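Student: I'd like to ask some things about the structure below.
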Amino acid sequence: MNDEAKTKTQLITELGTMRRRVSELEALIVEQAPIREQLQHLIEQLPIGVQIFDTSGQCIDANEAQLRIFGLRQSEQIIGKHNLFTDPMAEKTGAQAAGRRVLAGEIVRLPDVHFDFS
Amino acid sequence: MTFFPVRNTVGEIIQIVALNEDVTERNQAIEALQKSEERYRSFFDNSPISLWEEDFSVVKAYLDRLRNEGITDLRRYFEDHPQARTDHIGLIKVVDVNQATLELYQAESKEAFLGELDQEILSEGSLDALIEELLAIDEGKAQFEIETVNRTFAGDKKYLLLTWSVAPGFEKTYGKVLVSFIDVTKRKQYELELTRFRTILNQAGEAIFVTNAQTGHFIDVNETACRLLGYSRKELLKLGVADIEISCSLKTTSQWVAHVEQIKQAGEFLFRKGLQRRQDGTTYPVELMLSHQSFEGEDYILAVARDITEQKRLEDRLHQAQRMEAVGQLAGGIAHNFNNMLTAIMGYTGLSLETLPANHPAASDLQGIQKTAERAAKLVQQLLAFTSKQVVQPQILNINELIISIKIMLRQLISEDIELVILPAPELGQVKIDPGQFEQVIVNLILNARAAMPMGGKLTIETTNIILDQEYASQHVEVDPGDYVMMAICDTGSGMAEEVQQHIFEPFFTTKDVGQGTGLGLATCFGIVKQNSGHIAVYSEPEQGTTFKVYLPRLEETPVKLSQSNQSDYLPTGDETIFIVEDEITVREMAARILHQQGYTILRAANGEEALELITEQAKPTIHLLITDVIMPRMGGGILADKLKNIYPTIKVLYISGYTDNAIVHHGVLEPGVNFLPKPFTPNALARKVRGVLDQADGESLA
């Protein structure tokens, strides 16, 4: 049934239900915030560099360790700016090919790569 | 770098996640490890010390198995099972060796070592070390060190210091053990050389002292030094020169410094005599050879000391012998003159007595003179006996017979409270000696024994055959080794101190009160024994008695029977012509007067030359007998007699002398066929001797 066909009472009941749901979700968000925060901290503080790309290869997140490996100070320097599939360095190191293989469902391990940032 | 997909709930890939790990540090660590490994490898390969990597794990397992089998004493097990020992060696696995190992063992390649331990390189001496090694593994030691001996592949013997330590992590299994061999062959050779050098030093007959030149303390001494001084080496090394050397004062620093300076100044060696004190306080004389040495900036005094006690003793004996000789010569000279004078005194006294009536008041005075002169003559006779210049007529005799023949006389010499025991040896050898002289020796020794036993005691005369060997002769410079007959006269009297024994045979040495003895008794014995190539020795301890031992050379000839000379107061006479040649006028005139009174015709001369002149002048008078002194100025009696015998082939010769040289005698012993009358003589003795000589047939001599 579409909303125009609903009675005022029905609508009011639905609104009441929605209000209740919203407040339930709000409560859930509040309730789960510490867990998300914990996960974020975990990723942020992992001693292993973690960089997350969307399927277009665009960088959407990078943790502290990753920034350190690339010699960067702030995540803004790469988030939304670095694209795995357009980065010539990534092509060189085999990271681009690896990305494509991941999109095909593989887990790819590359040998140690030497980055000279000096 | 790891890439993985993130899927949504329906399995669509929504994200790509890249995981990156910074491996810089890890890579650096690996690199460092590799470098360390290389460094270790380089160190292992290039080490100048022989290094081995070995695997003892099989050995360890084997040892554990033995333990499990209940063997508790592994050392004993290996000693009892030599085969087990060698089997174990085969279980040691060599993993690697370095270049130095190849050089040490003179091997061509590593392959010679790898795998089972090569038993060829183990020598006999290394097996004991191997047992210790196995025991160390058994005890679970992580480190081990021992000296061992191995052989190289070329067969050379090497002394090695073996050290091993278990690599960390292998303490239980002994799977990896780093072993090193340090070649100590040179050090060992030095040690052996040092040991040899020390052995030689210790066996040297001389005491050797190495002294610190600054302090005078001993740094090193040899065994002879310890033995001579009666200290242990440890004790002696705490002492210094000042503690043992007492002949010169070295107590103060300045005295020591001066002493060292003197040694330095001496150049190579300073020779000195010294006196050292033993631990027990006794001393002994030494001859020191001192030198100054510098070594590694330190100054030392090297002293080589020789104990000269024995040498000094022999020197003393030689001096003693020389002194006796000198005294003898002096006494001989005096006796010669005395004899001439006594001959005159006795002769003239005798003549005067004959011319005086028996009841004349001067007669008894003259008899007193005569008796005194006779006593003086006896004294001179003893002196001559001591000087071995008494003229004697030795015979071959058995001294047992002689002792027994005079036993009664000897008994009378000693007091009744002295027991006389004579122990003659059966089959005693013969000796050659003048019986009168030997009698004199016995009498003098008996008198000496009597004096030593005023309270009585026991006197033993014992004879025996004896051999004095080379050793005895080397201890007594004056003795020739050989066969001897020995007579020992032993008393139980007061004995003598060492100092008295030293001088006992010297003339005029006496322990008796002044006027009690002449001091010639034992000197006479000494002289007589010497004259007969014998030896006299004294053994005495105060309060223990004295033994004199008289040694005379043993002969193999048969003895002659002792003849008794019978003397009577009757003075024989004659009418022959007698030529008296004597340089001493009193003797010559006295003899002339005596013989003239007895009816002889007398010719006189003062010496040989004068005698020969007389004969030519008087155109060869008849001469039956020549009486001549032996020693005279301008031709002695011997030459004169020879010359006269050419002129008068039947002439008889009688020598008179108080002192003889070898004109008619050898060492005081008359040659056969020679007639001799010793001075001083009495008128009676002269008359009797002259008659005897005149009456003897040609070539016969009077005994």
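The values are calculated or read from the model by the stated rules, or taken from the named source; none is laboratory data. Predicted, not measured: the structure shown is a model, and the values here were computed from it. Because the Cβ atoms are built from the backbone with ideal geometry, glycine has one as well, and the counts that use them run over all protein chains shown. With ligands, DNA and RNA removed, areas are computed over all heavy atoms of the protein, side chains included. Shrake-Rupley method; radii C 1.70, N 1.55, O 1.52, S 1.80 Å.
Student: Give the calculated FRET efficiency between B:D642 and B:D695 to the nearest 0.05, with a Förster radius of 22 Å applied to their Cβ-Cβ distance. Walk me through the numbers on the way to the answer.
Tutor: On the way: r = 23 Å, r/R0 = 1.05.
Once the sixth-power term is evaluated, E becomes 0.45.
Student: Would you work out if segment A:14-54 is rounded, prolate or oblate? Take a ≥ b ≥ c from the square roots of the eigenvalues of the alpha-carbon gyration tensor; rounded if a/c is under 1.5, else prolate when a/b is larger than b/c, oblate otherwise.
Tutor: Here segment A:14-54 falls in the oblate category.
Student: Cα to Cα, under 18 Å, and not fewer than 8 places away if on the same chain: which aspartates and glutamates meet these conditions relative to A:K81?
Tutor: Leaving aside aspartates and glutamates fewer than 8 places away in the same chain, those within reach of A:K81 are A:D54, A:D61, A:E64, A:E91.
Student: Helix-only mean residue ellipticity at 222 nm, chain B, DSSP H runs n ≥ 4 weighted -39,500 (n - 2.57), per residue, nearest 500. What is it?
Tutor: Helix contribution divided over all residues of chain B: -13000 deg cm²/dmol.
Student: Note the buried accessible area between A and B here, summed over both chains, with a 1.4 Å probe, in Å² to the nearest 100.
Tutor: When A and B are taken together, about 1900 Å² of accessible area is lost.
Student: Let me ask something else. Which distance in nm do the two modelled labels at B:D299 and B:S254 give, with both placed 7 Å along the Cα-to-Cβ direction?
Tutor: Going by the 7 Å Cα→Cβ label model, 1.7 nm.
Student: Here is a further query. Under 19 Å from the Cα of B:K458, which aspartates and glutamates turn up, not counting those fewer than eight places away in the same chain?
Tutor: List returned: B:E416, B:D417, B:E419, B:D491, B:E541, B:E543.
Student: Based on the Cβ-Cβ distance from B:K110 to B:S165, what FRET efficiency comes out when R0 is 35 Å, to the nearest 0.05?
Tutor: About 0.95, to the nearest 0.05.
Student: Can you tell me the 0 to 90 degree angle between the C-alpha axis of helix B:361-386 and the longest principal axis of chain B, rounded to 10?
Tutor: So the helix axis and the longest Cα principal axis differ by about 30 degrees.
Student: Please list, by residue number, everything in segment B:274-305 whose backbone N is under 17 Å from a paramagnetic label point 7 Å out along Cα→Cβ of B:I246.
Tutor: Residues passing the 17 Å test: B:274-287.
Student: Evaluate peptide B:359-371: per residue, the Cβ atoms of other protein chains within 10 Å of its Cβ; return the mean as an integer.
Tutor: Counting Cβ atoms of other protein chains within 10 Å of each residue's Cβ and averaging gives 0.
Student: Sticking with this structure for a sec: With a cut-off of 8 Å between alpha carbons and a minimum separation of six or more residues, what is the relative contact order of chain B in percent?
Tutor: 8
Student: Taking θ = phi - 60°, what integer Hz values does the Karplus form 6.51 cos²θ - 1.76 cosθ + 1.60 yield along segment A:59-75, in sequence order, with x for Gly and Pro?
Tutor: Residue by residue, segment A:59-75 yields 6, 10, 6, 7, 8, 4, 4, 5, 4, 5, 4, 8, x, 9, 9, 10, 5 Hz.
Student: OK, next. Name the residue from B:A84, B:Q34, B:H360 whose Cα lies farthest towards the positive end of the charge dipole of chain B, charges +1 on Cβ of Lys and Arg and -1 on Cβ of Asp and Glu.
Tutor: Result: B:H360, furthest along the dipole toward the positive end.
Student: Roughly what angle does helix B:309-355 make with the longest principal axis of chain B, taking Cα atoms, 0 to 90 degrees, to the nearest 10?
Tutor: Rounded to the nearest ten degrees, it is 0.
Student: Spelling out what I want: for every residue of segment B:284-299, take phi, set θ = phi - 60°, compute 6.51 cos²θ - 1.76 cosθ + 1.60 (Karplus), and round to whole Hz; glycine and proline get x.
Tutor: So the J values, rounded to whole Hz, are 8, x, 9, 10, 10, 10, 10, 9, 9, 10, 10, 8, 6, x, 10, 9.
Student: Rounded if a/c is under 1.5, else prolate if a/b beats b/c, else oblate: with a ≥ b ≥ c from the C-alpha gyration tensor eigenvalues square-rooted, which is segment B:1-87?
Tutor: On the way: a/c = 7.37, a/b = 2.21, b/c = 3.34.
Since a/c reaches 1.5 but b/c is at least a/b, the shape of segment B:1-87 is classed as oblate.
Student: Then there is this: Tell me, what is the per residue accessible area of the protein assembly as shown in Å², probe radius 1.4 Å?
Tutor: The answer is 56 Å² per residue.
Student: A further question on this structure: State the percentage of accessible surface on segment B:154-261 attributable to carbon and sulfur atoms; use a 1.4 Å probe and exclude ligands, DNA and RNA. All intermediate terms of the calculation are to be shown ahead of the outcome.
Tutor: Values: 3510 of 6040 Å².
Ligands and nucleic acids excluded, carbon and sulfur reach 58 percent.
Student: When only C-alpha pairs under 8 Å and at least 6 residues apart count, what is the relative contact order of segment B:1-150, in percent?
Tutor: 20
Student: Once you place label points 7 Å from the Cα toward the Cβ at B:R323 and A:I60, how far apart are they in nm?
Tutor: Here the answer is 13.7 nm between the modelled labels.
Student: Something else about it: In nanometres, what is the gap between the two model label sites at B:E416 and B:K141, each 7 Å from Cα along Cα-to-Cβ?
Tutor: 9.3
Student: Turning to a different aspect of this structure: Longer than 31 Å from Cα to Cα, which of B:K141/B:K234; B:K35/B:K157; B:K643/B:K689; B:K93/B:K188 are they? Say none if no pair is.
Tutor: Flagged as over cut-off: B:K141/B:K234; B:K35/B:K157.
Student: Let me spell out the model: positive unit charges on the Cβ of Lys and Arg, negative unit charges on the Cβ of Asp and Glu, origin at the Cα centre of chain B. What dipole size does that give, in debye rounded to 20?
Tutor: Details: 65 positive and 98 negative charges, 517 e Å.
So the magnitude is around 2480 debye.
Student: Next question, about the same structure. From other protein chains only, count the Cβ atoms within 10 Å of every residue's Cβ in B:17-28, then give the mean.
Tutor: Counting Cβ atoms of other protein chains within 10 Å of each residue's Cβ and averaging gives 6.
Student: What FRET efficiency would be calculated for the residue pair B:D156, B:E287, taking the C-beta separation as r and a Förster radius of 45 Å, to the nearest 0.05?
Tutor: 0.45
Student: Could you order the peptides B:121-133, B:443-455 from most to least packed, using the average number of other C-beta atoms within 10 Å per residue?
Tutor: So the peptides B:121-133, B:443-455, ranked by packing, come out B:443-455, B:121-133.
Student: I need the shape label for segment B:424-506. Rule: rounded when a/c is under 1.5, else prolate if a/b > b/c, else oblate, with a, b, c from the alpha carbon gyration tensor.
Tutor: oblate
Student: Right, here's the next one. Evaluate the relative contact order of segment B:229-340 (contact order divided by residue number), counting alpha-carbon pairs under 8 angstrom at least 6 apart; express in whole percent.
Tutor: 18
Student: How large, in Å, is the protein assembly as shown by the Kirkwood hydrodynamic radius built from its alpha-carbon pairs?
Tutor: By the Kirkwood definition, the hydrodynamic radius is 41.3 Å.
Student: Cα axis of helix B:435-452 to longest principal axis of chain B: angle in degrees, 0 to 90, nearest 10?
Tutor: That works out to roughly 70 degrees.
Student: If you don't mind, another one. Check cross-link reach from B:K432 to the lysines: straight Cα distance under 18 Å, and skip same-chain residues fewer than eight apart.
Tutor: Those lysines meeting the cut-off are B:K389, B:K530, B:K549, B:K561.
Student: Turning to a different aspect of this structure: What average count of beta carbons from other chains do you get within 10 Å of the Cβ of residues in A:94-100? Don't skip to the answer; put the middle values down first.
Tutor: Values: counts 2, 5, 0, 1, 6, 4, 2.
Across the residues of A:94-100, the mean count of other-chain Cβ atoms within 10 Å is 3.
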